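Enquirer: This is the structure I want to talk about, given as structure tokens.
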Amino acid sequence: MQLHACALAANRTRTMSILGKIFTWWNGATFTTMMNTSRHGEHVGTDAQGNKYYRAKKPNAQGNERRWVIYDGANDASRVPAEWHGWLHGAFDSVPESNLPPPRIFEVDYTPNATGTAGAYRPAGALEKGGVRARATGDYEAWSPDQ
């Protein structure tokens, strides 16, 4: 009985994964995007986070090369490293992996965008931090309609 329940759970997970690929865009590529990429795209590189970068096999009618990224996980534009961002937007033609300078001592690793999460920045006085704001120090005078 236990084995049968595990098989059903695995089957349900597989079905939800397939449905997720068909109907959702926020966690990786949709089924249609994957099909379009396999037919019309050429893989040019992968960054340290596992995001894969593609370019169109043929230029469009204006002669421009279309470039795109397939995220490994959640679709968050802040996960694209600066060098790949420049390539995606046509700042240079060659793939960044071949042109990267050595890393500098002050460069830090990627940290995800924390907006909307518990780790987001909360200034003093924010409701999430208790909502108590420091009193005005005298440099602010309230407007009054009598003035």
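What follows draws every value from the coordinates through simple rules; no lab data is involved. None of the values given here were measured: they were computed from a predicted structure. Here Cβ is always computed from backbone atoms with ideal geometry, including for glycine, and neighbour counts include all displayed protein chains.
Enquirer: Using r as the Cβ-Cβ distance of THR32 and LYS129, and R0 as 35 Å, what FRET efficiency do you calculate, to the nearest 0.05?
Expert: The value I calculate is 0.20.
Enquirer: From the phi angles alone, apply the Karplus equation (6.51, -1.76, 1.60; θ = phi - 60°) to region 113-122 and give each ³J(HN,Hα) in whole Hz, x where the residue is Gly or Pro.
Expert: 5, 8, 4, x, 10, 5, x, 5, 5, 10
Enquirer: Tell me which residues come under 5 Å, amide H to amide H, from VAL44 once H is placed; ignore anything under 5 positions away on its chain.
Expert: Here the answer is TYR53, TYR54, ARG55, since their amide H atoms fall under 5 Å of that of VAL44.
Enquirer: I've got another one for you. Rounded to the nearest 20 Debye, what is the dipole magnitude of region 27-79 about its Cα centre when Lys and Arg each give +1 and Asp and Glu each give -1 at the C-beta?
Expert: Numbers: 8 positive and 5 negative charges, 52 e Å.
Dipole about the Cα centre, nearest 20: 260 debye.
Enquirer: Here is a further query. What number do you get for region 25-105 when its Cα radius of gyration is normalised by 2.2 N^0.38 Å, N = residues?
Expert: That works out to 1.13 for region 25-105.
Enquirer: Give the Rg (one decimal place) followed by the Dmax (whole number) of region 58-116, computed from C-alpha coordinates and expressed in Å.
Expert: Over region 58-116's Cα set, Rg and Dmax evaluate to 14.2, 44 Å.
Enquirer: Give the long-range amide H neighbours of ASN75: residues separated by 5 or more places, or on another chain, with amide H under 5 Å away, using H modelled in the peptide plane at 1.01 Å from N.
Expert: ASN27, GLY28
Enquirer: If you don't mind, another one. What percent does the relative contact order of region 25-105 come to when contacts are Cα pairs within less than 8 Å and at least six residues apart?
Expert: Relative contact order for region 25-105 comes out at 26 percent.
Enquirer: How big is the gap, in Å, between the Cα center of region 91-113 and the Cα center of region 125-147?
Expert: About 43 Å separates the Cα centre of region 91-113 from the one of region 125-147.
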